[in-house]
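Let me begin by presenting the structure, written as structure tokens, before commenting on it.
The values are calculated or read from the model by the stated rules, or taken from the named source; none is laboratory data. Everything numeric here is computed off the predicted structure, so don't read it as measured data. Positions of Cβ are backbone-derived with ideal geometry, glycine not excepted, and every protein chain shown enters the neighbour counts. For the accessible areas, the whole protein counts, side chains as well, though only heavy atoms, and no ligand, DNA or RNA atoms are used. Shrake-Rupley method; radii C 1.70, N 1.55, O 1.52, S 1.80 Å.
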Amino acid sequence: VLKIASCLGSQVPLNVLQQYFATEQLTEESKAFALNQVEAILEQQVEKGVFCRPAGSNFFYSWAHDGLQRAAFSLIEDYRREELHFRLGKLLLAMSEHEESEARVEFLVYLATDQLNRATDFLLHEEGEQMKLQLIQLNLQAAKLSISKSAFYRAVDFLETGIALLDKETMWWSQTYHLCLQLHNYLAEMEYTLGNHEKATEVITEILGNAQCQGDEYRARAVLLEVAINGKDRNLVRGVEICLAILKSYSVELPLKPSKLRIATERYRLKKLLPNGRLENLIHMPVMTEPEVVDLAIFLSKLTNLCGLIGDEYVPLGKLAALKTFHLACTYGINSYIALSIAQYAISYRHSGKFDKAFSTASIAAEMLNRFSPQPGDVRAKVLMIIHSALMSLKKPLQDSLEPFLESYRIGIRTGDVDAALTAAMGYGYNYILVGYPLAALADDIKGYALESRQFGLSASLQAQFVIILQTVLNLQGKSDCTTYLKGDAMDQEKFLQNAVEGKGQSMTCRDICIFRLMLACIFRSPKVQIEMLDNLATFPSFNPALARMHLWQVFAGIAAFQLYHRTKENKYSSIGSKSVDYFKEATSHGSLNAYPLLLVLVASKSPSKESFDEAIKVCSRSGLVNFQAVMNESAALYFIEQKDEEMASYYLKKAVGLYQDWGAVGKAKDLVGHWGELIDERQKIGVVPRRMLQQQPSSSRHRNHTTSATSSIKKVEFDAQELSGSFKGQQPLSTTERTNTISLSDSSVFSRKILEEDELLLDHEQFTSHWDSGETHEITEVIGPVS
């Protein structure tokens, strides 16, 4: 019994052992013994510590140690091993034919394939070529099952075994052609997924050299495209060229730089084709099934996506490709790739400032996506990632996209779209930092994502995102000797740029390093680094599809610029800051919940006063932005230090220290205590005194005099209320002063965080909307209401 059990692997199904002894050429007495005594024997071995039975399982036994299984297997004579594997494989196949449960059938077929692969010589001798062909098909089936379970390495083993069984001289032109093509296509896709780009390219070359028609080439060309755009240099332009060449082979020729007239013509033709002339009616179209049309839709969608990633002069080509995709959908139906084109088309609306249209178009893509269940090879994970990275946060809080990012990650891993999965994880990291949730939890998650990005061999520029975020967190936590330079346990930015990334990938990595270093320079108050980062970022395109990245870039560019302007009085910094204000002002005018707090942060940075700081602090508190509350409290403290009001400076410094601790930026909190220890209560030690226990804001005649003199000497910041009218209509104010946000960090980690607002007034919603809608011009303090 133990010998046969050792052949089945680390998990031993009880019914398989029983069936083996019951169906072998045994006496009736032996069969009865098998059925009655096999389980008893295994239970005895459990007591002896040879086996263990997993909790809740009545059908499986597990070897207590791999060494015990190997020892039992070594007792089988060499000449009998292949025969035993062969008989077990045949038995498992026979058992699968009588199973009704699909899951059980898959499991038995999987085990059968593994057993038969261990007995190929015996199989060929006993059964001949017919059984060999069946085994090749079983390996393809087992590989597909492995892919559906995200067991990509196991899938490669099955695919390589299947290919090795093929006759090398005849496999590409005999009756095995289609089987051979499928095995090679899946192998190319899996090697790419696992980051083995050279092996994937070798398999693709084999396919393209033997494919019998254009349709047989499309999957290989799709992988070749992904290798080009996700390699070390992230050559997106090369990807566009490949897409255009493939489309040309389908008799679809698109100009690299289409004219406005061409795009307008395509839009006019589409409006006539669309059901009732509306894009949202595509949702109810039938599913696209014609193979050649499906291939064409896939490459048009990929082209649309690439143009959206590059931006700038490629935006018109992306629009044209999307319109062509919609034309196909009107005639032949839809699939998940049509949703991808709609999502990218929505981004083009955002690029041209049509925020409402962008949001409504994104909602169409999301609804269309719901018609399709996740399948290996589809783009559901990518579409979900794009929608929440670039579009949904135009109207909804950034916090609301955290769970969808994780869902995109899970779907991508499950369906083999690892690039989309880890790009979603990257978006999760950007959103998380921007909304000011605790840094310690983020660091743990990012470490896991960084490891996966290396294991799957993702492009160096995508791997860089995780180590950039992680090193930024370590700097804030005080776990690095540097504050504004990304050098420590996670990365050394200089070495990383020299050795890891090239070409376009290096440019994108430089941009993201500059964004996070600019944030660190603003938090740790380093004018020299602020100047350097602003100069570097000025060389990059100002538009980026990822909203969290754009917000992070613009808010800290504005903060840095205004701080430098107050220090140097150079107009170029005032201009940079004003552009950031305009960015958030436009977003606010379109109803962005995320832009308004950051707008007030910039207003306070531009025209510092007690009123402007308090309003920014209050609204950031209401939005749960602990990070920006901390920054504004520190800025207010420095403002009062300049005014020589130590009492008010002390009050804001204490709050800043507590808030930085709440955020998890312990390094920054210690830095503040080190610089201004004499103004901070001796009782307030890092990590000991919660901020709600700090003293209440002082109210003195000296403080009131300073407020009056400050506001009279600083130019009043005014808003055109009519311009922003209606932005916040219909939004409900938060009803409690203590609210709990629960965020899923991963499949297994959930944390709960309370946002305490005992020291701040909540925004009076009715008062706010009535003032905002009046069409008058107000100072911020008049719009928001009095400050306690």
Those residues of region 495-513 which are without any contact (Cβ under 8 Å) to a residue 24 or more places away in the chain and open to solvent by 40 Å² or more (accessible area, probe 1.4 Å) amount to LYS495, GLN498, ASN499
Note on region 55-69: residues part of a helix (DSSP H, G or I), in contact with a strand residue (DSSP E or B) (Cβ under 9 Å, 6 or more places away or on another chain) and open to solvent by 50 Å² or more (accessible area, probe 1.4 Å) are LEU68
Scanning region 328-358 residue by residue, those open to solvent by 20 Å² or more (accessible area, probe 1.4 Å) and assigned to a helix (DSSP H, G or I) turn out to be LEU328, CYS330, THR331, TYR332, TYR337, TYR349, HIS351, PHE355, ASP356, LYS357
### Query
Scanning for something modelled with pLDDT of 85 or more, among the hydroxyl-bearing types (Ser, Thr, Tyr) and open to solvent by less than 60 Å² (accessible area, probe 1.4 Å), does region 147-159 turn up at least one residue?
no
With the first residue restricted to region 243-264 and required to be of a type in the set (Lys, Arg), and the second required to be assigned to a loop (DSSP other than H, G, I, E, B) and loosely packed, with under 12 Cβ neighbours inside 10 Å, Cβ contacts under 9 Å at 6 or more apart or on different chains are ARG262/PRO255
If we ask which residues in region 270-289 are open to solvent by less than 90 Å² (accessible area, probe 1.4 Å) and either in contact (Cβ under 8 Å) with a residue 12 or more places away in the chain or in contact with an Asp or Glu (Cβ under 7 Å, 6 or more places away or on another chain) (or both), their number turns out to be 12
Within region 528-540, residues open to solvent by 40 Å² or more (accessible area, probe 1.4 Å) and either of a type in the set (A, V, I, L, M) or in contact (Cβ under 8 Å) with a residue 40 or more places away in the chain (or both) come out as ILE531, ALA538
Considering region 83-102, residues that are assigned to a helix (DSSP H, G or I) and open to solvent by 60 Å² or more (accessible area, probe 1.4 Å), and then whichever is modelled with the lowest pLDDT, we arrive at GLU102
For helices (runs of 4 or more DSSP H) lying entirely in region 111-203, having 2 or more residues that are under 30 Å from ASP378 (Cβ atoms) picks out 129-148, 152-165, 177-193
Exactly one of PHE628, PHE640 is in contact with a Cys (Cβ under 6 Å, 6 or more places away or on another chain) and of a type in the set (A, V, I, L, M, F, W, C), and that one is PHE628
Region 541-644: helices (runs of 4 or more DSSP H) wholly inside it with 2 or more residues that are open to solvent by 20 Å² or more (accessible area, probe 1.4 Å) are 547-568, 571-589, 610-622, 626-642
Of (1) open to solvent by 50 Å² or more (accessible area, probe 1.4 Å); (2) under 27 Å from the mean Cα position of the chain (by Cα), ARG267 satisfies every one except (2)
Given the conditions (1) out of contact with any Lys or Arg (no Cβ under 8 Å at 6 or more places or on another chain); (2) open to solvent by 10 Å² or more (accessible area, probe 1.4 Å); (3) within 26 Å of GLU403 (Cβ to Cβ), every one holds for LEU470 apart from (1)
Filter region 389-406 for residues that are open to solvent by 30 Å² or more (accessible area, probe 1.4 Å) and touching a helix residue (DSSP H, G or I) at 6+ places or on another chain (Cβ under 6 Å); the one that is nearest to LEU625 (Cα to Cα) is GLN399
query = Is there a residue in region 366-376 that is touching a His at 6+ places or on another chain (Cβ under 7 Å) and open to solvent by 10 Å² or more (accessible area, probe 1.4 Å)?
reply = no
Of the residues in region 514-527, those that are in a helix (DSSP H, G or I) and either of a type in the set (Lys, Arg) or open to solvent by 20 Å² or more (accessible area, probe 1.4 Å) (or both) number 2
Scanning region 226-259 for residues that are over 26 Å from the mean Cα position of the chain (by Cα) and among the charged types (D, E, K, R), the one nearest to ARG454 (Cα to Cα) turns out to be GLU241
Of the residues in region 197-256, those that are open to solvent by 60 Å² or more (accessible area, probe 1.4 Å) and of a type in the set (D, E, K, R) number 10
- Task: Confirm whether ASP312 is out of contact with any Asp or Glu (no Cβ under 9 Å at 6 or more places or on another chain) and on the phi > 0 side of the Ramachandran plot.
- Result: yes
Exercise for review: Return a yes/no flag: does region 46-54 have any residue that is assigned to a helix (DSSP H, G or I), out of contact with any strand residue (DSSP E or B) (no Cβ under 8 Å at 6 or more places or on another chain) and at pLDDT 80 or above.
Suggested key: yes
Over region 226-242, the set of residues of a type outside the set (Lys, Arg), out of contact with any Leu (no Cβ under 8 Å at 6 or more places or on another chain), part of a helix (DSSP H, G or I) and at pLDDT below 90 is GLU226, VAL227, ALA228, VAL237
Q. What do you reckon, is PHE516 under 30 Å from TRP676 (Cβ atoms), in contact (Cβ under 8 Å) with a residue 60 or more places away in the chain and not charged (D, E, K, R)?
A. no
PHE73: passes all of (1) at pLDDT 85 or above; (2) of a type in the set (A, V, I, L, M, F, W, C); (3) open to solvent by less than 40 Å² (accessible area, probe 1.4 Å) but (3)
